[in-house]
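What follows is a short report on a single structure.
The values are calculated or read from the model by the stated rules, or taken from the named source; none is laboratory data. Here the structure is a predicted model, which means the values were calculated and not measured. Here the Cβ positions follow ideal geometry from the backbone for every residue, glycine too, while neighbour counts run over all protein chains shown. To get the accessible areas, we keep the full protein, side chains included, count just its heavy atoms, and leave off ligands, DNA and RNA. Shrake-Rupley method; radii C 1.70, N 1.55, O 1.52, S 1.80 Å.
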Amino acid sequence: MKPLTSYTTNLSSNQADALKTLLQARNYQFREVPYARFAAEKEKTNVVFYESGKLVVQGKGTQDFVEFVLEPEVLKQAKLGYESVLNPEILLPRLGVDESGKGDFFGPMCAAGVYMNESMIKAWKEAGVRNSKNIGSDKRIREWAEIIRKTPGCVSTVVPIGNEAYNRLFLKLRSVNAMLAWGHARVIENLMALQYQMKPMPVRAISDQFAATADTVNKALMRLGRSIELIQRHRAEEDLAVAAASILARNEFVTRLSNMEKQYGMVFPKGAGAIVDAAAKEFIGKHGVENLPKVAKMHFRTALRAQGLPEPPKVRWRR
């Protein structure tokens, strides 16, 4: 198995203080990193502890650092390499569901799902499969998507919602969460229709909990989807099946965005913000405002700004 080159965990304040002292004693070079309490590097290992409490270790020395420094001296427990012993449920056959594109003004929203069993875990871990949101390279996403699809026994599906369909659906449902629920439910239904290809049968489906309650997705489930237990939880992408689904969803999104760029002869930046605002105005100048719904999500404020229309007052979010 390839050595680990990236590792993420959460630390308490006391654990973070102990780690910082340890790094200082071992002559790590400290540096400034945005939103980090401290960051240090030495030889092949980079360590960053963020204000959020998240610790990220990267580099060729990651595995040795975690096994021989972090776990014995800071975490006081050995987990790396013992995941299946500590949590046997990670070996259970299951479905993972995730989506991509919901925060991007340009391009579709794509939901995806995969069936995973124990035999796939080693192959995907060796390839380094992890949550697509932590990967900045479209090329790497494409490579991993190919690995996932070609893994023996893997069953997958992708449900893209193109921009024109997305805008029609939003006008009907008036809620991004309702659209996500429909997308996740459609993915689970498609996968369960292929259950004859799955050996052994999945015991559950796992997805991120994006809405306040699990009922949002549960109510959207279709006939076959209601036949399997659905577990929704925060940070579900930590599960390998969900991470694999996130890669397939992101690959579909970036592929379709690239095709749009070729079709319209311009660059469509990802996400939202000033650069996206500028691209939206450029698109209208080249192709007309009537074509904007073909490439963009029209409920974003970006659509109003690009047309020079007034924005409604922002509503303060309340739990």
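Can you classify region 211-319 as rounded, prolate or oblate using the Cα gyration tensor, where a ≥ b ≥ c are the square roots of its eigenvalues, rounded means a/c under 1.5, and otherwise it's prolate if a/b beats b/c and oblate if not?
It comes out prolate by the Cα gyration axes.
Length gain on complete extension for the stretch Ala212 to Glu261, per 0.36 nm per residue less the alpha carbon to alpha carbon distance?
Between Ala212 and Glu261, full extension yields an extra 14.1 nm.
For a Förster distance of 25 Å, can you work out the FRET efficiency between the beta-carbons of Lys42 and Asp17, rounded to the nearest 0.05?
Efficiency, from the Cβ-Cβ distance: 0.85.
Antiparallel DSSP bridges in the chain: what percent, to the nearest 5?
Among the beta bridges of the chain, antiparallel pairing accounts for roughly 80 percent.
Stokes-Einstein diffusion coefficient for the chain at 20 °C in a medium of 1.002 mPa s, Rh from the Kirkwood formula over Cα pairs: what value in µm²/s?
99 µm²/s
Of Asn10, Gln195, Phe170, whose Cα points farthest to the positive end of the dipole of the chain (charges on the beta-carbon: +1 Lys, Arg; -1 Asp, Glu; origin at the Cα centre)?
Selected residue: Phe170.
For region 38-77, what is the accessible area per residue in Å² when the probe is 1.4 Å?
Value for region 38-77: 51 Å² per residue.
If you add up the charges near Phe105, with Lys and Arg at +1 and Asp and Glu at -1, over every other residue whose beta carbon is less than 11 angstrom from its beta carbon, what do you get?
+3
Treating only the Cβ of Lys, Arg, Asp and Glu as charged (+1, +1, -1, -1), what charge dipole size does region 4-54 show about its Cα centre? Round to the nearest 20 debye.
That gives region 4-54 a dipole magnitude of about 100 debye.
How much mean residue ellipticity at 222 nm does the chain get from its helices, if each DSSP H run of length 4 or more adds -39500 (n - 2.57) and you divide by all residues, to the nearest 500 deg cm²/dmol?
Calculated from helices alone, the mean residue ellipticity at 222 nm is -11500 deg cm²/dmol.
So, R0 is 35 Å and r is the distance between the beta-carbons of Tyr196 and Lys172; what FRET efficiency does that work out to, to 0.05?
So the FRET efficiency works out to roughly 0.55.
If I compute solvent accessible area with a 1.4 Å probe over the protein chains, what percent of it on the chain is carbon and sulfur?
Carbon and sulfur: 50 percent of the exposed surface of the chain.
Distance cut-off 27 Å, Cα to Cα: go down the list Lys102/Lys262; Lys172/Lys219; Lys139/Lys219; Lys54/Lys150; Lys125/Lys199; Lys60/Lys270 and report the pairs above it.
Too far apart for the 27 Å limit: Lys139/Lys219; Lys54/Lys150; Lys60/Lys270.
Please name whichever of Val254, Phe300, Ala214 sits farthest to the positive end of the charge dipole of the chain, dipole taken about the Cα centre and charges placed at Cβ: Lys and Arg +1, Asp and Glu -1.
Phe300
How large is the charge dipole for the chain, taken about the Cα centre, if only the Cβ atoms of Lys, Arg (+1) and Asp, Glu (-1) carry charge, to the nearest 20 debye?
700 debye
Keeping all protein chains in place, calculate the accessible area per residue for region 123-201 (probe 1.4 angstrom), answer in Å².
52 Å²
Express the accessible area of region 226-319 per residue in Å², computed with a 1.4 Å probe while the remaining protein chains stay in the model.
Value for region 226-319: 58 Å² per residue.
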